[in-house]
1. In whole Hz, with x marking every Gly and Pro, tabulate ³J(HN,Hα) for region 23-34 from phi via Karplus 6.51 cos²θ - 1.76 cosθ + 1.60, θ = phi - 60°.
2. Using the Karplus equation 6.51 cos²θ - 1.76 cosθ + 1.60 (θ = phi - 60°), what ³J(HN,Hα) coupling, rounded to whole Hz, does each residue of region 136-150 give in order, writing x for Gly and Pro?
3. Step through the residues of region 347-360 one at a time and calculate ³J(HN,Hα) from phi using the Karplus curve (6.51 cos²θ - 1.76 cosθ + 1.60, θ = phi - 60°), rounding each to whole Hz and writing x for Gly and Pro.
4. For Trp57 and Asp246 in one chain, what is 0.36 nm times their gap in residues minus the Cα-Cα distance, to one decimal in nm?
5. So how exposed is Ser175, as accessible area in Å² (1.4 Å probe, rounded to 10)?
6. Return the long-range amide H neighbours of Glu200 (sequence gap of 5 or more, or a different chain), with a cut-off of under 5 Å between placed amide H atoms.
7. Gln286 to Ser230: extension gain in nm, 0.36 nm per residue of separation minus the Cα-Cα distance?
8. Roughly how many Å² of His165 are accessible to a 1.4 Å probe, to the nearest 10?
Amino acid sequence: MVFVRTTPPRPVDVTAVFPELAPLARPAIRLHPRPGSPSVGESSVGGPLLWPADEPWPHCEASHLHVDSGFRESPDDVRLKRRMQARWHGDHDGPGTTSEEAASKERNAARLAERFAAGPPPADCPVPMLPVAQLYLRDIPLLRPPGQADLLQVLWCPYDHDPDHKPSTALFWRSAAAVADILATPPEPYEVNDDGYLPEPCVLAPEAVTEYPNSLDLSPQMRLMVEDWSRWQAAGASVDSSEHADCPRDFYDVHLADVPGWKVGGWPPWGRTDPNPRYCTVCEVQMVPLLTIASYEWDGGEGYSWAPQEDQAAAYAANTVGSCCGQSPSQPTKVEVGSTDNMQIYVCPTSPEHPHTDLIQ
């Protein structure tokens, strides 16, 4: 069975109202991650990587002295907690802890005690990075890999780093056909700084969409244009005047501009800050968005405008009865960056092998 997710049609054809925006259209691919059991041969979020057995696993070499150990958990404990929460969500009358869960807790505690037998690792000890995303070119044709590469792998450190309080990221481009022996058991950090940095394994349903820039990315003249309610009226846009006449720019940003959620390409999701162009440290060209790592796939404040058609019922049900124990249909990856923000990874358009950068937005 093919896994599909479909973005609902926009409430207004924005280029019919503002033809001036047509040249600013950008392609993007919504990834639509949903919990599953991806293999190393599939595109995924938080899934296993097609990693060569003879290639060292990436580690974060930075110091983690500033990290408060009081809020850290082992990856195994985070996974167990999530399984228990999912079970409680589906069976409110079930036991607090099953025998299998109790056994898992004991095993996790024993492993952690063994690791700490010789004392905790020093703060400057390299930390194994965690898989964030694996994207095959056959699934995500917007990728522009170097040379013969057809696979992008993204990892990050499970700890916040100064000065921006975000995990450091690493990108690897490779040819899938060149990987013969696969690393069966990658190393994991003994703790994660925040369970929002441990992505839930998710399969993907890539969907090509067209985006337009957030109003903050528009010229001052174009910004005034989308704020002009008379332009909307003159074009016959079927927008509720009682709700949007006083804030047409907000309507544009929320429903017609950049798409929320995990995506490749497209426009940046500004709002936390004003536009902040990134420039390549090698050739000084302006960098472009590669991957958006999102805390949420959609926001109830948007009226679920961006919730896929296949998820509309679940979105409205969660809004009606409330999500329990973190089982929100709009947060399938369990990733949370910043204050429920996005992390956007940027690459050089002239050479994806130049150093990348990232930004919490």
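1. x, 8, 4, 10, x, 9, 10, 6, 7, 6, x, 9
2. Residue by residue, region 136-150 yields 8, 4, 4, 8, 10, x, 6, 4, 10, x, x, x, 8, 5, 9 Hz.
3. Result, ordered by residue: 10, 6, x, 8, 7, x, 7, 5, x, 8, 9, 9, 8, 7 Hz.
4. Going from the current span to full extension adds 62.7 nm.
5. 40 Å²
6. Placed amide hydrogens put Lys334, Val335 under 5 Å from Glu200.
7. Answer, rounded to one decimal: 16.6 nm.
8. Using a 1.4 Å probe on the heavy atoms, I get roughly 110 Å².
The values are calculated or read from the model by the stated rules, or taken from the named source; none is laboratory data. Computed from a predicted structure; not experimentally measured. Side chains are part of the model used for accessible areas, which takes the heavy atoms of the whole protein and leaves out ligands, DNA and RNA. Shrake-Rupley method; radii C 1.70, N 1.55, O 1.52, S 1.80 Å.
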